[in-house]
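Some notes on the structure that comes next.
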């Protein structure tokens, strides 16, 4: 029997058979191994005659390991598409065997060898490592998504990050937070801001995927997109929804990182994972906040950056301090950015920042983050910040004097304007 062509991405295989006058595709994705020995997959079988459009012969779930299921599929295909020289029994058997053997084989064992380059490689220095997972975390409303979209534009177009090298690569933005329209609006404003310093330039936008379920559930489809478009940067916005469950679960956190490692294997893409900060229960000894969720969000990321909003004297701008909290390859210097908002553009420029990692700054961050979700009482804010009510009242007074919060009734506060800066 002829040897088929096999292409695969994580959780997805396409076995292609070429016969006289016809080409048959046996595609299997969403593979699931069960403890009882079943290997279930969604299988699609197509036949292409000459240059005509493919004929869809089968699309359904199949237990690749069950002989009876394979024989039933073969009989069904023989009835739908009889063809001289095409043995459906052997084709289905060999396709299933090829896929199961590839799944069992896993990654090859290879010797390590000396390398000429011993420098740490960055996709976008210093915020994104080359080919490794990075976590950015901050309270809600701290411009995480804006920064991620800005980075996506720089990488997609190979634009330097304020003089630091950026390698051009295709970007996939996976979004659990807003809609495609809202992401396109923000990306357009940021591109308009870039045009203020790159006069006459045109910019390619990243690929976008609106996500609805857990990353694990769509892994095979995402892997195919990454391989097809040669994606070099995958942005996950954000980790809580991507996990598909309790973000405090170590099992789900490990599953998410493993899934990202597998779906990006074809292109060795960098992954940038956005998430929120903890409340007051988990901090480093110096008071700096940690990513919310399981400790694996710190342990499995190769670099973590904490984003901290800084006070400014302008209502139309947001200053952001970006501080490396973990880096296995030496700790980079902090980065300060200022986002200036106008009706048709968001301009980004370097700015000076200070690392406000005190208890006072951390408590105020939590208060503002909680109010970004809606109005709250002093008691609710005290519980969220794990701070005494008197301390919360003092911070609310300072925030009110700065014009950032207002009281709506006795002991109940909200952000001025009802919302925080964009994501």
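The values are calculated or read from the model by the stated rules, or taken from the named source; none is laboratory data. This one's a predicted model, so the numbers in the text were calculated from it and none came from an experiment. Every residue, glycine among them, receives a Cβ derived from its backbone with ideal geometry; neighbour counts consider all protein chains shown.
See the values below:
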| read-out | value |
| --- | --- |
| Selected residue (criterion: nearest to residue 4 (Cα to Cα)) from residues of region 97-114 that are at pLDDT 90 or above and in contact with a strand residue (DSSP E or B) (Cβ under 8 Å, 6 or more places away or on another chain) | 98 |
| Residue that is nearest to residue 260 (Cα to Cα), among those in region 1-11 that are at pLDDT 90 or above and part of a strand (DSSP E or B) | 6 |
| Strands (runs of 3 or more DSSP E) (entirely within region 13-72) containing at least 1 residues that are surrounded by 19 or more Cβ atoms within 10 Å (Cβ to Cβ) and modelled with pLDDT under 95 | 22-33, 39-49 |
| Matching residues, region 167-191, being part of a loop (DSSP other than H, G, I, E, B) and more than 17 Å from the chain's Cα centre (by Cα) | 167, 168 |
| Count of region 79-101 residues which are part of a helix (DSSP H, G or I) and within 14 Å of residue 26 (Cα to Cα) | 13 |
| Test: residue 129 is in contact with a strand residue (DSSP E or B) (Cβ under 6 Å, 6 or more places away or on another chain), at pLDDT 95 or above and in the same structural domain as residue 303 (by TED's automatic domain parsing) | yes |
| Index of the failed condition, residue 188 passing every other in (1) touching a residue at least 60 places away in the same chain (Cβ under 8 Å); (2) more than 21 Å from residue 304 (Cβ to Cβ) | (1) |
| Residue match in region 248-271 (condition: in a strand (DSSP E or B), at pLDDT 85 or above and within 16 Å of the chain's Cα centre (by Cα)) | yes |
| In region 32-58, the residues that are within 29 Å of the chain's Cα centre (by Cα) and within 15 Å of residue 14 (Cα to Cα) | 41, 42, 43, 44 |
| Hey, residue 222 surrounded by 20 or more Cβ atoms within 10 Å (Cβ to Cβ), touching a helix residue (DSSP H, G or I) at 6+ places or on another chain (Cβ under 6 Å), touching a residue at least 12 places away in the same chain (Cβ under 8 Å) and part of a loop (DSSP other than H, G, I, E, B) or not | no |
| Residue 94 vs. criteria under 21 Å from residue 12 (Cα atoms) and at pLDDT below 95 | no |
| The lone exception for residue 70 - which of (1) touching a residue at least 24 places away in the same chain (Cβ under 8 Å); (2) closer than 30 Å to residue 268 by Cα it fails | (2) |
| Verdict on residue 109 being in contact (Cβ under 8 Å) with a residue 40 or more places away in the chain, surrounded by fewer than 23 Cβ atoms within 10 Å (Cβ to Cβ) and assigned to a loop (DSSP other than H, G, I, E, B) | no |
| For residue 167: the one exception among (1) buried (at least 20 other Cβ atoms within 10 Å of the Cβ); (2) in contact (Cβ under 8 Å) with a residue 40 or more places away in the chain | (1) |
| Selection within region 134-166 - closer than 19 Å to residue 302 by Cα and in a loop (DSSP other than H, G, I, E, B) | 138 |
| Residue satisfying all of: in region 197-219; in contact with a strand residue (DSSP E or B) (Cβ under 6 Å, 6 or more places away or on another chain) and part of a loop (DSSP other than H, G, I, E, B); surrounded by the most Cβ atoms within 10 Å (Cβ to Cβ) among these | 206 |
